[in-house]
Amino acid sequence: MDKIVRSIDVGYWNTKYVTAHTDKEIKCAMFPSLAYPSYKDPATRTMVERRRTVAVPIEGSYYEVGPDVHLAADTFRGTQLHDRYLQTPEYMALVRGAIGFMKVPAIDVLVVGLPVALFDTGRGWLEKSLTGVHDVGGGKQVEVRRVLVLPQPMGALAYFAASYNKQKSIENERSLIIDPGSRTFDWLLARGMRLVPKTSSSVNRGMSDILKTIAQEISNDIGRPYSDFPAIDLALRTSKPLMIYQKPYDIAPILPTARSVASRAVSSMLEWVNEEYSIQNIIMVGGGAFMFKEAVKAAFPNHKIQVVKDPLFANVKGFQITGHNLAMTLAQPVPLAEPSSETERKAMLGQQIDGAGAT
């Protein structure tokens, strides 16, 4: 019987997770990284329309998460995704909510990620806290039997190797993986599938900082606070006009100022990354890749910048590939007591995405 492998990528803006994995594709879904608490289960209250959320019980409270979570809140968009967010009930609610939406009876291998700067300090705690039985709301429980934690960009590297059939050649190559997320700008330098820790890190300069910069300029222009970040994000991604007071608002004059945020993030990375002439692959993933690519290209004018297909889900799909291959390795006749770093590395190079097998 195939082991059940699932993956979760909790980001500042969205929580991405894998819903199904077949021979031909990895299916993903996401919901906002918001968790709103209440003293009783919202499902017991009378509502006109049932919303797509689940109420996760944690420490005596219920935390509502899911695609319709905005309907559960006021206008304040609170978040707990700071440097100590792993220890917050909101983080656990997002993870358990994602597990609940997967609709599986148990998970043999759960793969999650951390920003590069938090990996060393957070890995052990996260593995321990996520292993065991979880109450995912609605009276349901799911057992997680093994947890694998990866630096978030390592998922992207595994996905890149699988998607472009580079499992063999990449072992001899030096790769720079750049992941502009919502909160953090992560970069990871790897030799083959081995992380080079001293040149890999992250800074708190992500897509949210670009949105805040644009919002502040709009606020200054219209003479009152403006904070509709989702509307700005949609305008940037679709090139459709931003509507303010029922009229189109041109954000083009603000973009050079907004892009300076990306330039500063890339400049921070360049303090860590040297000998760029020996880098064979520069890979960009993450929901903010489209806003950071210009700054990255300016920093590496002699390289081709590879933005992977489906960059928003690249990390979580790479997690899934790694977890699946690890499960296959552990299912061998002489199983390992604990996965070593070498076992994890080989799992990342296991099988290409179209032949990874159903889980």
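Throughout, read-outs are computed from the coordinates displayed, never taken from laboratory work. Here the structure is a predicted model, which is why all the values come from computation and not from measurement. All Cβ positions, glycine included, derive from the backbone under ideal geometry; neighbour counts span all protein chains shown.
Taking the Cα centre as origin and putting +1 on Lys and Arg beta-carbons and -1 on Asp and Glu beta-carbons, what dipole magnitude results for the chain, to the nearest 20 debye? In debye, rounded to 20, the chain gives about 340. The helix-only estimate of mean residue ellipticity at 222 nm for the chain, built from DSSP H runs of length n ≥ 4 each weighted as -39500 (n - 2.57), is -10500 deg cm²/dmol after division by the residue total. For the Cα trace of the stretch 201-328, dividing Rg by the Kirkwood Rh returns an Rg/Rh value of 1.05. Residues Y226, Y164, Y17, ranked from the fewest to the most other C-beta atoms within 10 Å, line up as Y164, Y226, Y17.
Quick note on the chain: its Rg to Rh ratio, both from C-alpha atoms and Rh being the Kirkwood radius, is 0.97. Beta-bridge orientation, the chain: approximately 70 percent antiparallel, per DSSP, counting only bridges with both partners inside. Note that the stretch 207-256 carries a Kirkwood radius of 10.8 Å, evaluated over its alpha carbons pair by pair.
The largest-to-smallest principal axis extents of the Cα set in the stretch 130-203 are 48, 30, 21 Å.
Positive-end ranking of S227, A215, P105 along the dipole of the chain, with charges on Cβ about the Cα centre, is headed by P105.
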